Amino acid sequence: MKVLVLDVGGTHIKVASTDIRIPIKIVSGPTMDAKAMVDQVIASTAKWEYDAISIGYPGPVGHDRPLSEPHNLAPGWVNFNYQKAFAGKPIRFINDAAMQALGGYQGGRMLFLGTGTGLGSAMIFDGVVVPLELAHLPYKKGRTYEEYIGLGGLERRGRKRWRKSVLTIIELLKAGLVCDYVLLGGGNAKLMKKLPKGVLLGANSNAIDGGIALWKDDAVVTSRTPGKGEAPDSVILAKPN
């Protein structure tokens with residue numbers, strides 16, 4: 001099976017496939033909605049061959065669709081008919097951080113943090129991928145985790161203070177979530193000078209590898225209906241590499 005992988009971000013949408021592993025980039029931003037994304041992806045991949053589509057989405061997903069509008073893009077993602085827009089091809093949605101986490105997983109209990117335009121987060125707990133939404137939780141001084149180590153925090157505080165906050169938050173979350181190691185990804189992870197033991201730098205290919213892995217025979221995708229007071233989500237069961 002040939003898979004088209006879309007990694008939807010607040011600055012770019014990265015598009016790759018089983019055959020084309022080096023992604024092309026489509027500029028996104030606050031005016032990008034689902035229709036504009038699909039139109040540009042279809043135009044950019046007109047000569048590509050693919051049987052199925054994986055979409056890494058910057059927010060919670062369930063039943064292979066977004067469940068809330070993204071923070072850094074235009075509205076219009078939740079009720080859009082993706083399968084119709086992509087000529088009926090099968091589609092699997094996964095949280096974008098979870099897709100990167102799946103592509104870089106090395107077994108055990110892993111926390112993924114993606115420092116890009118925002119802050120993505122996911123855990124893989126002995127093969128079970130659990131998307132998280134840590135970005136907008138309060139951190140300190142009335143600001144959230146994302147406001148400290150997302151792009152806004154980097155621009156506001158400078159690289160030196162930003163790096164210090166990244167390391168502090170990694171240590172805090174690693175201990176609180178009882179993880180064996182942390183995978184640090186996202187577009188700004190490359191700005192880190194030195195990472196401590198137990199923290200790995202993600203590869204650019206992680207999101208693409210994760211999107212392709214969604215369609216492998218040893219990956220089982222399930223969705224659950226949330227109980228009262230619970231957030232809906234997708235759960236992906238996958239065998240470690």
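The values are calculated or read from the model by the stated rules, or taken from the named source; none is laboratory data. Because the structure is predicted, anything quoted here is derived from the model rather than measured. Every residue, glycine among them, receives a Cβ derived from its backbone with ideal geometry; neighbour counts consider all protein chains shown. Ligands, DNA and RNA are excluded from the accessible area calculation, which covers all protein heavy atoms including side chains. Shrake-Rupley method; radii C 1.70, N 1.55, O 1.52, S 1.80 Å.
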* Asked: Is region 67-162 rounded, prolate or oblate when judged by the Cα gyration tensor, a ≥ b ≥ c being the square roots of its eigenvalues, rounded requiring a/c under 1.5 and prolate requiring a/b larger than b/c?
  -> oblate
* Averaging sequence separations of C-alpha pairs under 8 Å and six or more residues apart, then dividing by the length of the chain, give the relative contact order as a whole percent. => 21 percent
* Asked: Quick one: how many Å² of SER44 are accessible to a 1.4 Å probe, rounded to 10?
  -> 60 Å²
* **Exposure of HIS136 as accessible area (Å², to 10), given a probe of 1.4 Å and all protein chains** => 80 Å²
* Can you send over the solvent-accessible area of PHE125, 1.4 Å probe, protein chains only, in Å² to the nearest 10? => 80 Å²
* Structure fact -> Expected sort for 154-164, 185-195, 104-114, 57-67 on mean C-beta neighbours within 10 Å, highest first, is 104-114, 57-67, 185-195, 154-164
* Using a 1.4 Å probe on the protein chains only, how many percent of the accessible area of the chain belongs to carbon and sulfur? -> 53 percent
* Amide H of GLY10: which non-local residues (sequence gap of 5 or more, or other chain) have their own amide H closer than 5 Å, using H built in the peptide plane? -> THR117, GLY118
* To do: Grab the beta carbon distance between ASP51 and ASN79, set R0 = 25 Å, and tell me the FRET efficiency rounded to 0.05.
  => 0.45
* Say each of ILE24 and ASN204 gets a label point 7 Å from the Cα, pointing the same way as Cα to Cβ; how far apart are those two points in nm? -> 1.7 nm
* Structure fact -> The relative contact order of region 9-102, taking Cα pairs under 8 Å that sit 6 or more residues apart, comes to a percentage of 29 percent
* Structure fact -> Nearest 10, in degrees from 0 to 90: the angle of helix 34-44 to the longest Cα principal axis of the chain is 70 degrees
* To do: Would you mind pulling out the separation of the Cα centroids of region 69-89 and region 147-198, in Å?
  => 31 Å
* Rolling a 1.4 angstrom probe over the protein heavy atoms, how many square angstrom per residue are accessible across the chain? -> 49 Å²
* Acute angle (nearest 10 degrees) that the helix 159-176 long axis makes with the longest principal axis of the chain, alpha-carbon atoms -> 80 degrees
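Do any of LYS25/LYS197; LYS140/LYS160; LYS25/LYS190; LYS25/LYS141 go past 27 Å between their Cα atoms, and which?
Pairs exceeding the cut-off: LYS25/LYS197; LYS25/LYS141.
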* To do: Along Cα→Cβ, 7 Å out, is where each label goes; now give me the distance between the ones at LEU172 and ILE42 in nm to one decimal.
  => 4.5 nm
* Asked: Along its principal axes, what span do the Cα atoms of the chain show, with the longest given first and each in whole Å?
  -> 47, 40, 37
